[in-house]
Amino acid sequence: LDKVFRIYSISDRRFDTANNNEVYKFEFCSDEYMLSEQYRVSKSYSGSRVSEIVADICATYLKIGTGNKVLNIDETTGVKDFVLPNKKPIETINWLANYAVPAKYPNGADMFFFENNIGYFFTSL
């Protein structure tokens, strides 16, 4: 598995006298998370499915689906109007997941957004 992350903090530095070494705590995140922290989504969508809105946010703000990042979005049902509440892109996607109904399983579980070793997913359990 080959991944690239950004280190945003080094903390909890301590010296281990028994083994004569130093221990650090590295905190890191993906490039997409760094982009999400830099932008706010304040936009209205009229007559759109949640899956279309998520795809637009991923492409416009997070640059997912361009280059080597894979984006898999399950279709949702229902056309709705949304005014997105000036939140960060990943927060906005998670907020939209509460309103999404999966097209394959309309009586199924809620939708959620995550990343694994294959790519990014917006799907139902």
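Restricting the search to the range 59-77, which residues are in a loop (DSSP other than H, G, I, E, B), modelled with pLDDT of 90 or more and not acidic (Asp, Glu)? Selection gives THR77 alone. TYR39 meets the conditions (1) open to solvent by 70 Å² or more (accessible area, probe 1.4 Å); (2) of a type in the set (Phe, Trp, Tyr); (3) more than 24 Å from LYS3 (Cα to Cα) in every case but one. The failed one is (3). Taking every residue in the range 91-104 that is in contact (Cβ under 8 Å) with a residue 12 or more places away in the chain and pairing it with any residue that is of a type in the set (Ser, Thr, Tyr) and in a loop (DSSP other than H, G, I, E, B), at least 6 positions away or on another chain, the pairs with Cβ-Cβ distances below 7 Å are VAL101/THR77; ALA103/THR77. When each of ASN86, ASN117, ASN19, ASN72 is tested for being without any contact (Cβ under 8 Å) to a residue 40 or more places away in the chain and open to solvent by 50 Å² or more (accessible area, probe 1.4 Å), the lone residue that passes is ASN19. Residues in the range 78-102 that are under 16 Å from LYS43 (Cα atoms) and not in a helix (DSSP H, G or I): LYS80, ASP81, PHE82, VAL83, LEU84, PRO85, ASN86, LYS87, LYS88. Contact map, the range 43-62: residues that are closer than 12 Å to GLY78 by Cα paired with residues that are β-branched (Val, Ile, Thr) and open to solvent by less than 30 Å² (accessible area, probe 1.4 Å), Cβ distance under 8 Å, separation 6+ or inter-chain. Pairs shown: ARG49/THR76; VAL50/THR76; SER51/THR76. Restricting attention to the range 1-16, which residues are of a type in the set (S, T, N, Q) and either open to solvent by 100 Å² or more (accessible area, probe 1.4 Å) or at pLDDT 90 or above (or both)? Within the range 1-16, just SER9 meets the criteria.
The values are calculated or read from the model by the stated rules, or taken from the named source; none is laboratory data. Every value quoted in this text rests on a predicted model; they were computed, and no experiment measured them. Every residue, glycine among them, receives a Cβ derived from its backbone with ideal geometry; neighbour counts consider all protein chains shown. Areas reflect the complete protein model, heavy atoms only, side chains present, ligands, DNA and RNA absent. Shrake-Rupley method; radii C 1.70, N 1.55, O 1.52, S 1.80 Å.
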